[in-house]
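Here the structure is laid out as structure tokens; the discussion comes afterwards.
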Amino acid sequence: MAHSSKAHARTLVSLLPLGVATLVVLTPFIWMVSLAFTSADQAFSASNLIPESPTTANFVTALTSGGLGRAMLNSSAVAVIVVVSNCLFASMAGYAFAKLRFRGDTIVFAVLISTAMIPVSVTLIPLFLITKGIPLAGGNDILGVGGYGLLNSIGGLALPYLVTPLNIFLSRQYFLEFPDELAEAARTDGAGELRIFFQIYLPLAKPLIATLGVFAFTGIWDDFLWPLVITNTDSMNTVQLALAKFLTSGNVQYGPVLAGAVLVTVPVLVVFAFNQRAFISGLADGGIKG
């Protein structure tokens with residue numbers, strides 16, 4: 001009995017730091033949600049976390065007057081493109097580096113991964129020029145001149161994030177754990193590499209796909225600098241730009257700002273919640289093993 005009490009005491013002591021850390025992390029978010037449902041005249045006089053007269057007026061203002069509704073549609077469209085592209089092409093590239101041998105594959109992979117260490121500010125101007133010079137887009141001719149390319153467009157917003165080095169690295173590390181005999185047996189039966197990938201390896205890589213999807217979604221959803229550089233109209237705002245314009249309008253309304261922050265945060269929480277178990281498994285398999 002005494003041993004059981006001591007075990008419970010040790011468990012409580014070990015959980016105490018976790019509880020304190022959780023409280024520290026959650027307190028700003030709880031306060032944000034509380035103020036989002038608080039009317040403007042009570043926002044700075046509220047003395048508790050539960051509003052006396054909860055209201056959804058701040059959310060209506062954020063979605064309409066602040067343009068957050070259109071911005072969320074833009075960000076959602078870009079996120080879908082980026083997530084699908086990374087889940088497909090990054091996993092294919094990772095499979096190729098893990099299971100296919102070709103001359104210079106180690107050097108190519110090392111160079112590819114090294115690009116992840118280049119600061120965004122260094123590549124910003126080249127990316128802008130590439131996006132502007134896409135042939136036959138936005139009034140450009142076949143040589144990519146004469147128009148604006150993919151600037152101020154959904155395609156331009158998604159372009160730099162279609163495949164990221166980190167996701168290729170995770171895919172390679174994940175597929176290295178699978179035995180080569182799977183592919184060899186399929187090749188013996190006459191299967192090509194695409195068939196081997198899509199019918200054998202990809203169905204076994206659900207944790208990896210969840211990981212790639214979460215990283216791709218959060219990366220593009222939270223991006224501020226690239227949309228700021230290539231968009232010039234309110235109709236192409238992303239969620240981060242829409243929130244920033246609330247704070248630079250000269251008349252900051254903290255209720256709608258926090259309501260918008262809640263709306264922007266919810267999709268990220270939902271994506272992670274539905275993929276939590278697979279995400280953690282895929283991250284462990286792709287980043288620790290091998």
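Some notes on this structure:
- Residue within region 105-122 that is more than 30 Å from Leu204 (Cβ to Cβ) and surrounded by 10 or more Cβ atoms within 10 Å (Cβ to Cβ) present: yes
- When region 167-187 is filtered for residues that are in a helix (DSSP H, G or I) and either touching a residue at least 60 places away in the same chain (Cβ under 8 Å) or crowded, with 19+ Cβ neighbours inside 10 Å (or both), the ones remaining, listed by number, are Asn167, Ile168, Phe169, Leu170, Ser171, Arg172, Gln173, Tyr174, Phe175, Ala183.
- Test: residue in region 148-170 that is aliphatic (A, V, I, L, M) and touching a Pro at 6+ places or on another chain (Cβ under 7 Å): yes
- The listed residues are Gly155, Gly190, Gly146, Gly139, and the only one of them that is modelled with pLDDT of 90 or more, open to solvent by 20 Å² or more (accessible area, probe 1.4 Å) and small (Gly, Ala, Ser) turns out to be Gly155.
- Residue in region 41-51 that is out of contact with any Leu (no Cβ under 8 Å at 6 or more places or on another chain) and of a type in the set (Val, Ile, Thr) present: yes
- Tallying residues that are over 25 Å from Phe274 (Cβ atoms) and touching an Asp or Glu at 6+ places or on another chain (Cβ under 9 Å) within region 187-213 yields 1.
- Counted residues, region 226-241 - those being more than 18 Å from the chain's Cα centre (by Cα) and open to solvent by less than 30 Å² (accessible area, probe 1.4 Å): 3
- Residue under evaluation Phe37, criteria (1) surrounded by 10 or more Cβ atoms within 10 Å (Cβ to Cβ); (2) over 30 Å from Thr233 (Cβ atoms); (3) out of contact with any Ser or Thr (no Cβ under 8 Å at 6 or more places or on another chain); (4) modelled with pLDDT of 80 or more, criterion not met: (3)
- Of all the residues in region 193-225, those that are polar (S, T, N, Q) and either modelled with pLDDT under 90 or open to solvent by 50 Å² or more (accessible area, probe 1.4 Å) (or both) number 2.
- Helices (runs of 4 or more DSSP H) within region 72-161 that include 2 or more residues without any contact (Cβ under 8 Å) to a residue 60 or more places away in the chain and of a type outside the set (S, T, N, Q): 105-114, 120-132
- Within the set Ile30, Ile50, Ile81, the sole residue that is within 27 Å of Val270 (Cα to Cα), over 29 Å from the mean Cα position of the chain (by Cα) and not charged (D, E, K, R) turns out to be Ile50.
- In the condition set (1) buried (at least 21 other Cβ atoms within 10 Å of the Cβ); (2) modelled with pLDDT under 95, Thr55 is compliant with all but (1).
The values are calculated or read from the model by the stated rules, or taken from the named source; none is laboratory data. Keep in mind it's a predicted model, so treat the numbers as computed, not measured. Here the Cβ is made from the backbone with ideal geometry for all residues, glycine too, and neighbour counts use every protein chain on show. All accessible areas refer to the heavy atoms of the entire protein, side chains included, with ligands and DNA or RNA removed. Shrake-Rupley method; radii C 1.70, N 1.55, O 1.52, S 1.80 Å.
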